[in-house]
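A.B. asks: Pasting in a structure now, in structure tokens, and then I'll have a few things to ask.
The values are calculated or read from the model by the stated rules, or taken from the named source; none is laboratory data. The model shown is predicted, which means the values in this text are computed figures rather than measured ones. Cβ placement follows ideal geometry from the backbone for every residue including glycine, while neighbour counts extend to all protein chains displayed.
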Amino acid sequence: MKLAIFDDHRLGAVLADDQTIVDLTGGVPWPHDPDPLGAGWWVRLCRDFDQLRPRLEAAVADGPRQPLGSVRLRPPVLNPTKIIACAVNYAEHVDEMRDAVLPRVSGKVQAWMLDFDVFLKAPSSIVGPEDSILLPAGPTVDGKEIHHEAELTLVVSRGGASIAEADALDHVLGYTIGLDITVRGEGDRSRRKSYDTFTPLGPWLTTRDEVPDPHALAVELSIDGEIRQRANTADMTVRIPGIIAYASSVMRLEPGDAILTGAPQGVGQIHDGEVIHTTITRLGEMRLPVRRET
Ligand code: MN
């Protein structure tokens, strides 16, 4: 199932044609709350999706349909308690950071910068597939490079702490495309990656059953027709079970949390006026305009 949040935070399913959306809001057993701060219904849906699935499938069959183009798609997450992101999870990205990016943007390379780890991005940085990426004035004025990082992203179903690798995929509701927009340079990752609009997610959430092998997905990002990142999730250094086990050994995962699994090689600058096109196998595509904050 391809779960979407649209218009005033209604729940939808995108059909196989990727052009039709069915309104599932009536199939959710809790009253609809259009206020995004009233996101409890979504968190419960993430947690209890397996039990709700028959109801939702019935709603897919019976619910009102409309062209996807007639609705506004929102990010396919709602008020997650946190966004976790992985640093340094593709070998070729390590090479480019060590040999080119870090010497250029911070003038030095320290060993920890090239080690796998997880960090937090502010949930307020999330935007959806029909939004824009805003280049913040401060870093732009300071001449900082602002980079794209296209990343396979998962959304947590049941939460948990210290989740075993063997059980990890049972905690995945599904997958979506994520961008980890980043100000390069010195300073804490969480600050450099948490500016408003720096975490585009979408276009919808493809449930885990429709992604039988999340480590066989092509990730591709192009800008104005030029390929920048082209990779396969087969090349992740720490795979999803390892990511979930490690992250949950640090902080309890809650239903609806998002985890970005790390950038493949090819990261580079984005500029005012460009359009960033990102695709991941089975997950759809997003076209995001870049604008300068005014
Ligand atoms: Mn990243």
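A.B. asks: Does any residue of segment 187-197 turn out to be within 16 Å of the ligand (Cβ to nearest atom), among the small types (Gly, Ala, Ser), outside any loop (DSSP other than H, G, I, E, B) and touching a Pro at 6+ places or on another chain (Cβ under 9 Å)?
C.D. replies: There is no residue in segment 187-197 that is within 16 Å of the ligand (Cβ to nearest atom), among the small types (Gly, Ala, Ser), outside any loop (DSSP other than H, G, I, E, B) and touching a Pro at 6+ places or on another chain (Cβ under 9 Å).
A.B. asks: Within segment 210-223, restricting attention to residues that are in contact (Cβ under 8 Å) with a residue 24 or more places away in the chain and of a type in the set (Asp, Glu), which residue is surrounded by the fewest Cβ atoms within 10 Å (Cβ to Cβ)?
C.D. replies: Looking at the filtered set, the residue picked out is 210.
A.B. asks: Just the residues that are in contact with an Asp or Glu (Cβ under 6 Å, 6 or more places away or on another chain) and loosely packed, with under 15 Cβ neighbours inside 10 Å, please, taken from segment 4-40.
C.D. replies: 34
A.B. asks: Within segment 172-186, track down each residue that is more than 10 Å from the chain's Cα centre (by Cα), closer than 26 Å to residue 282 by Cβ and more than 12 Å from the ligand (Cβ to nearest atom).
C.D. replies: Selection gives 172, 173, 174.
A.B. asks: Got a sec? Which strands (runs of 3 or more DSSP E) wholly within segment 1-96 have at least 3 residues that are under 19 Å from the mean Cα position of the chain (by Cα) and closer than 17 Å to residue 176 by Cα?
C.D. replies: 2-6, 10-14, 83-87
A.B. asks: Let me ask another. What are the residue pairs meeting all of these: first residue in segment 44-73, first residue free of Cβ contacts under 8 Å to residues at least 24 places away in the same chain and closer than 29 Å to residue 252 by Cβ, second residue of a type in the set (Lys, Arg) and surrounded by 12 or more Cβ atoms within 10 Å (Cβ to Cβ), Cβ atoms under 9 Å, and 6 or more apart or on different chains?
C.D. replies: The qualifying pairs are 48/158.
A.B. asks: Another question about this same structure. Looking only at segment 164-183, count how many residues are over 24 Å from residue 76 (Cα atoms) and out of contact with any Pro (no Cβ under 9 Å at 6 or more places or on another chain).
C.D. replies: 0
A.B. asks: Moving on. Which one of these does residue 264 not meet: (1) part of a loop (DSSP other than H, G, I, E, B); (2) under 18 Å from the mean Cα position of the chain (by Cα); (3) surrounded by fewer than 23 Cβ atoms within 10 Å (Cβ to Cβ)?
C.D. replies: Only one criterion is unmet by residue 264, namely (3).
A.B. asks: While we're looking at this one, here's another question. Can you find, within segment 247-261, the residue that is surrounded by the fewest Cβ atoms within 10 Å (Cβ to Cβ) among those that are part of a strand (DSSP E or B) and within 16 Å of the ligand (Cβ to nearest atom)?
C.D. replies: Looking at residues that are part of a strand (DSSP E or B) and within 16 Å of the ligand (Cβ to nearest atom), I get 258.
A.B. asks: Next up: Could you look through segment 141-168, keep only residues that are surrounded by fewer than 17 Cβ atoms within 10 Å (Cβ to Cβ) and part of a helix (DSSP H, G or I), and pick out the one that is nearest to the ligand (Cβ to nearest atom)?
C.D. replies: Step by step, filter segment 141-168, then rank; the result is 165.
A.B. asks: A further question follows. Within segment 267-294, which residues are more than 14 Å from the chain's Cα centre (by Cα) and within 16 Å of the ligand (Cβ to nearest atom)?
C.D. replies: Those that are more than 14 Å from the chain's Cα centre (by Cα) and within 16 Å of the ligand (Cβ to nearest atom): 267, 268, 269, 270, 276.
A.B. asks: Using the structure shown, decide if residue 252 is outside the structural domain of residue 47 (by TED's automatic domain parsing) and more than 20 Å from residue 166 (Cα to Cα).
C.D. replies: no
A.B. asks: Identify all residues within segment 159-171 that are of a type outside the set (Gly, Ala, Ser) and more than 18 Å from the chain's Cα centre (by Cα); write none if there are none.
C.D. replies: Matches in segment 159-171: 163, 165, 167, 170.
A.B. asks: Can I ask one more? Residue 130 versus (1) of a type in the set (D, E, K, R); (2) modelled with pLDDT of 95 or more; (3) loosely packed, with under 15 Cβ neighbours inside 10 Å: which is the lone unmet condition?
C.D. replies: Single failed check for residue 130: (3).
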